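**Student:** Below is one structure. I have some questions about it.
The values are calculated or read from the model by the stated rules, or taken from the named source; none is laboratory data. In this text, all values refer to a predicted model and were calculated from it rather than measured experimentally. No Cβ is skipped: glycine too gets one built from the backbone with ideal geometry, and neighbour counts run over all protein chains shown. To get the accessible areas, we keep the full protein, side chains included, count just its heavy atoms, and leave off ligands, DNA and RNA. Shrake-Rupley method; radii C 1.70, N 1.55, O 1.52, S 1.80 Å.
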Amino acid sequence: NTLDESYVYPQMKLYVKDKQIPLFNCKTNFSQLWNGDAPQRMNNSVATIEMEGKVELKLQCNFAILEQCVIRPLSANIIPEIDENRRVISFEITSPGQYSIELRSKRTLHLFVNSYQEFEHYKQESNLMYFGPGIHNKDNNNLIPDNSIIFLNSNTTVYIDNGAIVQAGFFANDKSNIKIVGGGIVDGSVFDRSATKNTRLIPYEFNYCNNISFDGIITTDPAGWCYNMYFCNQVNLNNIKIISSRSNGDGVSIQSCQNVVCKNSFVRSWDDSLVVKNYPRWYDRSQHGTTKNILFENCILW
C-alpha cells in the first residue's frame, strides 16, 4: 500500500523542520470558459498537516520563483520570505485553516492545516469503516466493490486517515446517522468523466437521508459533482476541502434539502461552488421538494 510515484507532485518539496511533508498531485483548471472535455488542466499540489502552536515551513521549488509568491487568504497576513538563489520560500502558520501558496506560472500548493489529532475521537465510534495511510481502490481493498461505489448503511462512521487516498464514491439512500471524517483524500482522478457520454462518479451521493456529517475530508478531481445532497435533512459539512477541474465539477449541491450547514470549508471548483435548488422527486415527479434552513458560513471559494 505504498504511495505510487505518480501521485507525488514533483515540482516542489515541503518541510516542517527536517521532516518532509508529502505533496500529492491534484488537477486544477485555469480556463474560465466551460468545455465538456475540460482541456486546460494542469498538475498542482495538495498537502495536509496537523499543528499545535505555530509551524514554520519551507517550500523548496525546482523552478525559478522570480520573487512571485502570495499566500491566501490575505486576511491571515502571512508574508513569505523568498530566497531566490536557493529557490526556497519560508513562512509561518499560527492557526489551522485552508491556505493557498500561489507561485508563478499558476503553480499552487493547497495547504490544509488541521488541529493536532483533530479527528482522533472518531476512531472510538462503533461500526467504523477505516482507511489508513496509502492508496485504497477496488483492486487492493475489499471495502471497495468492483464498481468503486461504497453503499453505506445507517449508523456508520467512515474514517479516512491522514495519508490515505481513497479512490471510490460513497452512496446512501434512505439512511441515517452517517459520518465521513478525517484528514485524508478522496481521489476521483481514476474515474472517467465525459459530458457527452454522461459518464461520472460522484464522490458523495446521499438521497432521502437524515443526520449526515462530513468533517475534514479533502476531495480532489471528482468525476462530476462532488457533494450531492438530495431530499436530505440535518446535514453538517465542516472543514471540507474540494478541488475540482472537470466538467460539471460543482462543489456542494444542496437539492430539496432542509437544515443544512456548511462551514469553515474550502471549494476550488470548475463550475458552481455552492448550490441550492429545489427539485421534484425524480422517480415520478409527483412531489416537489422543500428547501429551507440552509447556511453557508466562513467558506473560502475559488
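**Student:** If a residue has to be free of Cβ contacts under 8 Å to residues at least 24 places away in the same chain and closer than 30 Å to residue 43 by Cβ to count, how many in segment 238-290 make the cut?
**Tutor:** Here the count works out to 1.
**Student:** Being farther than 17 Å from residue 213 by Cα and of a type in the set (Phe, Trp, Tyr) is the filter; apply it to segment 241-291 and report the residue that is most open to solvent (accessible area, probe 1.4 Å).
**Tutor:** Looking at the filtered set, the residue picked out is 283.
**Student:** Now a separate question. Test residue 214 against the criterion of being within 30 Å of residue 115 (Cβ to Cβ) and surrounded by fewer than 24 Cβ atoms within 10 Å (Cβ to Cβ), and give yes or no. Write out each step before concluding.
**Tutor:** On the way: within 30 Å of residue 115 (Cβ to Cβ): yes; surrounded by fewer than 24 Cβ atoms within 10 Å (Cβ to Cβ): no.
Considered against the rule, which asks whether it is within 30 Å of residue 115 (Cβ to Cβ) and surrounded by fewer than 24 Cβ atoms within 10 Å (Cβ to Cβ), residue 214 comes out as no.
**Student:** While we're here: Output yes when any residue across segment 170-182 is farther than 24 Å from residue 126 by Cβ and among the basic types (Lys, Arg), and no when none is.
**Tutor:** Checked segment 170-182: no residue is farther than 24 Å from residue 126 by Cβ and among the basic types (Lys, Arg).
**Student:** Name the one entry in 124, 98 that is polar (S, T, N, Q) and at pLDDT below 95.
**Tutor:** 124
**Student:** It is to be established whether one or more residues within segment 96-118 are touching a strand residue (DSSP E or B) at 6+ places or on another chain (Cβ under 8 Å), hydroxyl-bearing (Ser, Thr, Tyr) and in a loop (DSSP other than H, G, I, E, B).
**Tutor:** Checking segment 96-118: at least one residue is touching a strand residue (DSSP E or B) at 6+ places or on another chain (Cβ under 8 Å), hydroxyl-bearing (Ser, Thr, Tyr) and in a loop (DSSP other than H, G, I, E, B).
Quick grid of which residues meet (1) over 21 Å from residue 152 (Cα atoms); (2) among the β-branched types (Val, Ile, Thr):
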| position | (1), (2) |
| --- | --- |
| 188 | no, no |
| 192 | yes, no |
| 202 | no, yes |
| 213 | no, no |
| 246 | yes, no |
| 266 | yes, no |
| 273 | yes, no |
| 283 | yes, no |
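**Student:** Out of segment 65-95, which residues are surrounded by 12 or more Cβ atoms within 10 Å (Cβ to Cβ) and in a helix (DSSP H, G or I)?
**Tutor:** Hit for segment 65-95 is 76, nothing else.
**Student:** In this structure, is residue 138 in contact (Cβ under 8 Å) with a residue 12 or more places away in the chain, over 18 Å from residue 13 (Cβ atoms) and assigned to a loop (DSSP other than H, G, I, E, B)?
**Tutor:** Yes: the conditions hold for residue 138.
**Student:** Counting only residues that are touching a residue at least 40 places away in the same chain (Cβ under 8 Å) and either acidic (Asp, Glu) or in contact with a His (Cβ under 7 Å, 6 or more places away or on another chain) (or both), which one in segment 46-101 is nearest to residue 114 (Cα to Cα)?
**Tutor:** The qualifying residue nearest to residue 114 (Cα to Cα) is 50.
**Student:** Of everything in segment 141-195, what is of a type in the set (A, V, I, L, M, F, W, C), open to solvent by 50 Å² or more (accessible area, probe 1.4 Å) and not in a strand (DSSP E or B)? Give them in sequence order.
**Tutor:** Result: 143, 190.
**Student:** Would you pick out the residues in segment 20-37 that are outside any strand (DSSP E or B) and more than 21 Å from residue 49 (Cα to Cα)? Explain how you work it out, then say what you get.
**Tutor:** Our first condition is that a residue be outside any strand (DSSP E or B); within segment 20-37, this holds for 22-23, 30-37.
Hits for segment 20-37 are 30, 31, 32, 33, 34, 35, 36, 37.
**Student:** Oh, and also: Give me the pairs, please: first residue somewhere in segment 28-40 and among the hydroxyl-bearing types (Ser, Thr, Tyr), second residue anywhere and open to solvent by less than 20 Å² (accessible area, probe 1.4 Å), beta-carbon distance under 6 Å, and either six or more positions apart or on two chains.
**Tutor:** Correct list of pairs: 28/44; 28/245.
**Student:** Here is a further query. From the list 37, 4, 18, 83, which one is modelled with pLDDT under 95, among the charged types (D, E, K, R) and more than 22 Å from the chain's Cα centre (by Cα)?
**Tutor:** Values: 37 fails: more than 22 Å from the chain's Cα centre (by Cα); 4 fails: more than 22 Å from the chain's Cα centre (by Cα); 83 fails: modelled with pLDDT under 95.
When all the criteria are applied, what remains is 18.
**Student:** If you don't mind, there's one more thing I want to ask. Do you know which residues across segment 196-224 are touching a residue at least 40 places away in the same chain (Cβ under 8 Å), assigned to a loop (DSSP other than H, G, I, E, B) and not β-branched (Val, Ile, Thr)? Spell out how you get there, then give the answer.
**Tutor:** Pass one, segment 196-224, residues touching a residue at least 40 places away in the same chain (Cβ under 8 Å): 196, 200-201, 212, 215-218, 220-221.
Those left that are additionally assigned to a loop (DSSP other than H, G, I, E, B): 196, 200, 216-217, 221.
Scanning segment 196-224 gives 200, 216, 221.
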